[in-house]
Amino acid sequence: AQSVTQPDIHITVSEGASLELRCNYSYGATPYLFWYVQSPGQGLQLLLKYFSGDTLVQGIKGFEAEFKRSQSSFNLRKPSVHWSDAAEYFCAVGVSSGSARQLTFGSGTQLTVLP
Amino acid sequence: DAGVIQSPRHEVTEMGQEVTLRCKPISGHDYLFWYRQTMMRGLELLIYFNNNVPIDDSGMPEDRFSAKMPNASFSTLKIQPSEPRDSAVYFCASIPRGVDTDTQYFGPGTRLTVL
């Protein structure tokens, strides 16, 4: 069965600093990987996704993620964090079921941004 | 587009009462997912539908939970009778028909508290 591990429960960074959120997955086949963001009181919003091809994917809000098969990782990065990035971030692996992907989510990383 | 709509946004009820959560997916979306989010278990997939038909309900915790999708624009998740351990945030998500079948669009969630 597939699984996702986000080893950092909570990360604090200063505004303007760089950010990297870690994600490790376990899945027997080629993974479909996603990063979602959840702002307080809101649903999840897709930041980016990886299916194949270029291992560095760009997403919305200036985020990017790099797929590293050898490390089973899909870490999320942003060069300069803004206060509005404070939220909870979820990594997910998609498993094909028919024509849709069932998502297995990690436990999330809460990001705090200091002024 | 209004996005995925869920109602109510907050529900407080007493143990033993019936609870009905509602979801309206985005028009033109043919997959609908129900998730539950708790601190202890994170985000869990409960059930999902394709073209109004339940495809996989293996995540439904027990017989007290039931879900229906009578038409393409409406789904309900019912808990009868409710218990305090059902307290969680329940999300609905949908996937568009056609090209982008991998991006799930989440609603804002319903926060359920069972006293």
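Being away from every other protein chain (no Cβ under 11 Å), within 27 Å of B:Arg97 (Cβ to Cβ) and hydrophobic (A, V, I, L, M, F, W, C) is a property that A:Trp83 lacks. For segment A:61-112, a tally of residues being over 13 Å from A:Leu33 (Cα atoms) and either touching a Leu at 6+ places or on another chain (Cβ under 9 Å) or aromatic (Phe, Trp, Tyr) (or both) returns 17.
When residues in segment B:70-83 are screened for being over 20 Å from B:Gly107 (Cβ atoms) and β-branched (Val, Ile, Thr), 0 of them pass. Looking at B:Ser66, B:Ser27, B:Ser58, which one is in a loop (DSSP other than H, G, I, E, B), small (Gly, Ala, Ser) and more than 14 Å from chain A (Cβ to nearest Cβ)? Unique residue meeting the criteria: B:Ser27. Residues in segment B:87-104 that are surrounded by fewer than 21 Cβ atoms within 10 Å (Cβ to Cβ) and in contact with a Pro (Cβ under 9 Å, 6 or more places away or on another chain): B:Thr103 only. Just the residues that are buried (at least 16 other Cβ atoms within 10 Å of the Cβ) and more than 14 Å from every other protein chain (Cβ to nearest Cβ), please, taken from segment A:16-63. The answer is A:Leu19, A:Leu21, A:Arg22, A:Asn24, A:Tyr25, A:Tyr27, A:Phe63.
Within segment B:99-111, residues that are closer than 20 Å to A:Phe51 by Cβ and facing chain A (nearest Cβ under 7 Å) sit with their Cβ atoms under 7 Å from residues that are at pLDDT below 85 and buried (at least 18 other Cβ atoms within 10 Å of the Cβ), at 6+ positions apart or across chains, in these pairs: B:Thr101/A:Ala100; B:Asp102/A:Arg101. Return yes or no: is B:Met40 among the aliphatic types (A, V, I, L, M), under 23 Å from A:Phe90 (Cβ atoms) and surrounded by fewer than 16 Cβ atoms within 10 Å (Cβ to Cβ)? Yes, satisfied. Selection of segment B:53-69 for residues being farther than 20 Å from B:Gly109 by Cα and not charged (D, E, K, R) yields B:Val53, B:Pro54, B:Ile55, B:Ser58. Residues that are of a type in the set (D, E, K, R) and crowded, with 16+ Cβ neighbours inside 10 Å within segment B:1-21 comprise just one, B:Glu11. Starting from residues that are more than 29 Å from A:Tyr32 (Cα to Cα) and of a type in the set (Gly, Ala, Ser), keep the ones in segment B:74-98 and report whichever is farthest from the other protein chains (Cβ to nearest Cβ). Out of the qualifying residues, it is B:Ser82. Quick one: how many residues across segment A:1-51 are of a type in the set (S, T, N, Q), in a strand (DSSP E or B) and either touching a Leu at 6+ places or on another chain (Cβ under 6 Å) or more than 26 Å from A:Gln102 (Cβ to Cβ) (or both)? The number of residues fulfilling the criteria is 3.
Looking at segment A:52-76 only, could you name the residues that are among the acidic types (Asp, Glu) and part of a loop (DSSP other than H, G, I, E, B)? Listed by number, the list holds a single entry, A:Asp54.
The values are calculated or read from the model by the stated rules, or taken from the named source; none is laboratory data. Keep in mind the model is a prediction, meaning the values are calculated, not measured. So basically every Cβ, Gly included, is an ideal-geometry build from the backbone, and we count neighbours across all protein chains shown.
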